[in-house]
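The values are calculated or read from the model by the stated rules, or taken from the named source; none is laboratory data. Small disclaimer: the values here were computed from a predicted structure and weren't measured. Note that we place each Cβ from the backbone using ideal geometry, even for glycine, and neighbour counts take in every protein chain shown. Each accessible area value is taken on the protein alone, full model and side chains, heavy atoms only, with ligands, DNA and RNA left out. Shrake-Rupley method; radii C 1.70, N 1.55, O 1.52, S 1.80 Å.
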Amino acid sequence: MMMMELRHLDAALLVLILGHLSSALEVPLDLPQPPTITHQSPKEYIMDPRENIIIHCDAKGKPHPSFSWTRNGTHFDVEQDPSVMMRPHSGTLVVDLSRARPENFEGVFQCTARNKYGSAVSNNIVVRQSKSPLWSKEKFKPIVVQEGVSLVLPCRPPAGLPPPIIFWMDNNFQKLPQSKRVSQSLNGDLYFSNVRREDSRNDYICYARFTHTQTIQQKQPITVKVLNLDAINDTMADYYNDTELLNEAPVDERKPTFLIPSGHSSAKMVLRGHVLEMECIAEGLPTPEVSWTKVSGDLPGRRASFLHFNKTLRIVNVSESDAGDYRCTARNQLGSAQHTISVTVKAAPYWISGPPKNLVLAPGESGVLTCRASGTPKPSIMWSRNGGPIENSPKDISRKVEDDTIIFTDVQADSSAVYQCNISNPYGYLLSNAFVNVLSEPPRVLTPANKLYQVIENRPALMDCSSFGSPIPKITWFKDSRASTLDGDPYILHDNGTLEIQVAQPQHKGKYTCVATNMLGIYENHVYLETKEPTRIIKQPDDKVVQRGRSVLFECRVKHDKDLLPSVIWLKDDEELPDDERFIVEFDSLSITDVSERDAGTYKCIVNTTLDHDLATAELTVVGRPDPPTDLELTDQKKRSVQLTWIPGEEHNSPIEEFVIQYEDSLHRRGHWHDLARVPGTKTTAHLKLSPHVYYTFRVLARNAVGLSEPSSPSRMYKTDPAAPDQNPKDVRGSGTEHNNLVITWQPLSGLQSNGPGLHYKVSWRPKRPGSDWTTVTVANNSRFTVSGTPTFSPYEIKVQAVNDHGDGPEPAVALGYSGEDLPVSAPTNVRATVVNSTLAELHWDPVPLHLIRGHVQGYKVYYWRRHNLHKHNPDHMEKRILTFSGNHSHGMLPGLHPFSHYSFNVRVFNKKGDGPRSTTQQFKTPEGEPGPPVSLSVTDPSLDSLTLAWSPPHEHNGHITGYDLKYQPVNNSNELGPEEELALAANETSVTLKNLKYSPRYRFYLNARTSAGAGPAFSLEHAVKLEEGKPSKADKCKNHERLGGCLG
């Protein structure tokens, strides 16, 4: 939309430039000149008797012209009629109708303005009185028609001036609805393609509005009765004796025929530039649809439109290309009809290159007046001089008339005059005045001196040098120093003296001088040009979709020239913003709070400066939850189903995605609503499956992207009859709470599922073995039953059937259950262990037979404990641990063991009741593993180049310690590590002295213990060496790292 607006702006700018460059030569009013008509009334003047008649005629000239009038071709003496006056310094007539009769001033008026240099005349102004005659008081008999026939109600308003506007209304002044079936024709009659029962009414009233007098005339009401004759009783015949009964025969469906125009073809003439309206109204059943084509070409896209439900084709600004054959086609399911309209285009005279222009000539110069026009048929041309036929004017050897041109050569002072060109054909005329003014005048520049022009960069700059002189002056332009004339790129000098820079840049600003020269003198004028930065919207408002009640913000940030003060205007749908405090306008934004649907529309930000403007638009769409559906209706009612229909509510700009159908059961749970069905948002009908013995009430909710609507009003109640249950309880189970019982449970049916009153259950069970008989009990108002005296953990077949007062439910499915469990009576056998490594063992056992478990096996539990560490330094550990293996397993892995240890374990089976007896206890030993880190590492006896390291053995030996590994390396002041030294130490050593440590201020030490399984993790330490006498600082002594085990000075 914004680009379209900018294109309109560019077009307007182009028109402005072209008009600027081609404006006619104006003679300053202080110089002698013949009269020029400046204002006159239109050729057709319709007077309102309630107001004064004002016929305009104004003119300029030097000396100022005098005025006279003719009426119907003869002199009209203004002074003889006291009701008529002529305005001072003007030829405008004013007729006071309070003192005169309007009809006395009807006629053709023409004004003449004259001075000593010539006479100019106005158009012929036809003055007529407006008319709004009364309708005749005729009374109409009621029109009785059979349903389905066509009908025309005539209007036939009285002729008025101008013609009235016709419309049909009822007694309440409400417009009668029109459609493809019922519509008004161009002449005002009301056409029915076929009538229906609902067309019966007694107030079909045609109105005629006369715009000039602002009056409305009313035709007498017409009564129409539409009947189905098959249903009329013969005894009613007398009632219709005083009515006009149309078409007594039965009415069948039929293909279209045209009511207007008649026949297969017709012709129409239209004038160029006028509006062409063609209509085709057809009758038929079903109602026909009308379409249009141009036989010999395409319809004129933007100038063509379809009115009155496609029955009228309207073409504006008709041109010769619109002539040809047009075809209207009426079509329904039974066939079609066609009518061809042949259009011819005539043309009143029209200018080809504009009316003739005034000529200003110096004595001895030559010139041409051209009066070139066209029309259909070709118009004739007649020249006049000073209002009289040119052939009757004094002979002038400098003048030669050649058809539509007058040629002047070597003119003299007495050649000044006003010439009239009258071009006419049967459809109209053109009358134009053009003077020839013979003057000798030195040049003058009419553009104000020192005028400042401000333009936007990269836009055209136009600097005027409007001048006058006779002969016509030559114009030259200079800039600043006047070193050379401005002629050629980037400058364009136009014939009227205007200097144009097509694309103005900052370097073009400055002082410009225009010089006007002719044989009688020279005149110069100075103007100034400034360039400004363009105004631009750099942050345009974005389209928004907002929920009702929320807020919205449109941004409109602007960049502009520092010398131009912009103003920002916001419009909604091209009109001012509503006077509402919810609309908050800042310089660069518009915010709207508590948005409602009436706020939706197109918002436009317009930034104006004195030189340019910019604009941007954004669309606001307001969405909301749908309105609730309405008009719920139940149809197709059956015992177990019903069809529900509804009318959707307003979507509020967000399409409905689905409808949710809910029901209330007034019999079982009054006041509780439950979802029953969902259907897509494109449907308005749902086929609902129902349950017996329910008092249904339905309601419908609509959902869109915003949310769920309020519920609709409830439907009427729909009761279903009781029936036997059609389903049994679900989730039937059997299990014991004691070792000698069986508890049977189930999920009871809801009231909706019961299908009728007296709901109870038949509970049956039997041992799961061949030849067992069913035992059955009846249970009401409960969902469990306990069977006592059962064997421990025995399988049973069980079933539960729903029953009510109307019969049994379907045969129930059989479920498997077990009586109560007891503790297992046997332990796993053949328990054994296999050591995998120092921390992992694999255990095996033979499972307990299922019948000895006396319940559902839940798994096996391994009880294990560490008897003692095999190293003498570690005490015994007797803490017992349990590892559970779920399910019926016969082996498992035992992780997380301690190396070099002695373990004991046993295994037990368990069911839901608890653990069974333990198995025999078995033992196993784990092999040696890697030792833990030394407990401590410290420095003793440091000297200038040596120190002693002392340590404590690991807490976790995990085997026999076979020795220690010591590694150490120097560390310089940049924390860079030097070469590593390594020492192997005996298992019984707990200290070592290191000598010759004089090559580095600090050393890093790593100590770890070894067993037969390998070396354990190291204890690390960093220490500073005494390089001089005196104690080193704490920082020098030790720098710990995250992984160091300790630090000593």
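Return the total of residues in the range 336-353 being farther than 27 Å from Asn187 by Cβ and open to solvent by 20 Å² or more (accessible area, probe 1.4 Å).
4
For the range 205-227, check the following and say yes or no: at least one residue is under 20 Å from Val149 (Cα atoms) and at pLDDT below 90.
No: zero hits.
Between a residue in the range 577-591 that is within 17 Å of Gly549 (Cβ to Cβ) and in contact (Cβ under 8 Å) with a residue 40 or more places away in the chain and any residue that is open to solvent by 30 Å² or more (accessible area, probe 1.4 Å) and in a loop (DSSP other than H, G, I, E, B), which pairs come within a Cβ distance under 7 Å, given they are 6 or more apart or on different chains?
Ser591/Ser551
Give, as residue ranges, the strands (runs of 3 or more DSSP E) completely inside the range 612-731 that count at least 3 residues that are over 22 Å from the mean Cα position of the chain (by Cα).
Per the criteria, 630-635, 641-647, 656-665, 669-680, 685-689, 695-704.
Got a sec? Which of Glu976, Glu989, Glu930 is over 20 Å from Ser838 (Cα atoms) and open to solvent by 70 Å² or more (accessible area, probe 1.4 Å)?
Glu976
Return the total of residues in the range 671-714 being small (Gly, Ala, Ser) and on the phi > 0 side of the Ramachandran plot.
2
What pairs come out if I take residues in the range 110-129 that are in a strand (DSSP E or B) and pair them with residues that are charged (D, E, K, R) and open to solvent by less than 50 Å² (accessible area, probe 1.4 Å) whose C-beta lies under 9 Å away, six or more apart or interchain?
Every condition considered, the pairs that remain are Ala113/Asp58; Gly118/Arg385; Ser119/Arg385; Gln129/Asp48.
Determine which member of the set Thr737, Thr685 is in contact with a Ser or Thr (Cβ under 6 Å, 6 or more places away or on another chain), surrounded by fewer than 18 Cβ atoms within 10 Å (Cβ to Cβ), over 27 Å from Gln547 (Cα atoms) and β-branched (Val, Ile, Thr).
None of the others qualify; the one that does is Thr685.
So if I check each of Pro157, Pro162, Pro177, which one is in contact (Cβ under 8 Å) with a residue 12 or more places away in the chain and under 27 Å from Thr257 (Cα atoms)?
Pro157
Open to solvent by less than 60 Å² (accessible area, probe 1.4 Å), modelled with pLDDT under 95 and farther than 30 Å from Gly61 by Cα - does that describe any residue in the range 478-485?
Scanning the range 478-485, I find at least one residue that is open to solvent by less than 60 Å² (accessible area, probe 1.4 Å), modelled with pLDDT under 95 and farther than 30 Å from Gly61 by Cα, so the answer is yes.
Which of (1) among the aliphatic types (A, V, I, L, M); (2) in the same structural domain as Asp846 (by the TED database); (3) in contact with a Lys or Arg (Cβ under 7 Å, 6 or more places away or on another chain) is the odd one out, the single condition Val909 does not satisfy?
Failing condition for Val909: (3).
Identify all residues within the range 447-457 that are in contact (Cβ under 8 Å) with a residue 24 or more places away in the chain and loosely packed, with under 12 Cβ neighbours inside 10 Å; write none if there are none.
Listed by number, the residues that qualify are Ala449, Asn450, Leu452.
In the range 907-939, how many residues are of a type in the set (S, T, N, Q), in contact (Cβ under 8 Å) with a residue 40 or more places away in the chain and within 27 Å of Glu956 (Cβ to Cβ)?
Looking only at that region, the number is 5.
Can you confirm whether Ser886 is open to solvent by 50 Å² or more (accessible area, probe 1.4 Å) and free of Cβ contacts under 8 Å to residues at least 12 places away in the same chain?
It is false that Ser886 is open to solvent by 50 Å² or more (accessible area, probe 1.4 Å) and free of Cβ contacts under 8 Å to residues at least 12 places away in the same chain.
Read through the list (1) in the same structural domain as Gly758 (by the TED database); (2) under 30 Å from Gly892 (Cα atoms); (3) surrounded by fewer than 19 Cβ atoms within 10 Å (Cβ to Cβ), then give the number of the only condition that Leu840 fails.
Every listed condition holds for Leu840 apart from (1).
From Ile647, Ile606, which residue is closer than 30 Å to Pro534 by Cα and either open to solvent by 10 Å² or more (accessible area, probe 1.4 Å) or touching a Pro at 6+ places or on another chain (Cβ under 8 Å) (or both)?
Ile606
Being assigned to a loop (DSSP other than H, G, I, E, B), closer than 15 Å to Tyr326 by Cβ and open to solvent by 60 Å² or more (accessible area, probe 1.4 Å) is the filter here; which residues of the range 262-309 pass it?
Correct list: His264, Val275, Val295, Ser296, Asp298.
Within the range 744-795, considering only strands (runs of 3 or more DSSP E) that don't extend past its boundaries, which have at least 3 residues that are open to solvent by 40 Å² or more (accessible area, probe 1.4 Å) and over 24 Å from Ile853 (Cα atoms)?
Strands (runs of 3 or more DSSP E) meeting the threshold: 775-779.
For the range 135-158, which positions are more than 18 Å from Leu227 (Cβ to Cβ) and either buried (at least 16 other Cβ atoms within 10 Å of the Cβ) or in the same structural domain as His39 (by the TED database) (or both)?
Matches in the range 135-158: Trp135, Cys155, Pro157.
Could you list, in sequence order, the residues of the range 650-680 that are open to solvent by less than 60 Å² (accessible area, probe 1.4 Å), under 30 Å from Glu619 (Cα atoms) and at pLDDT 95 or above?
Selection gives Ile656, Glu658, Phe659.
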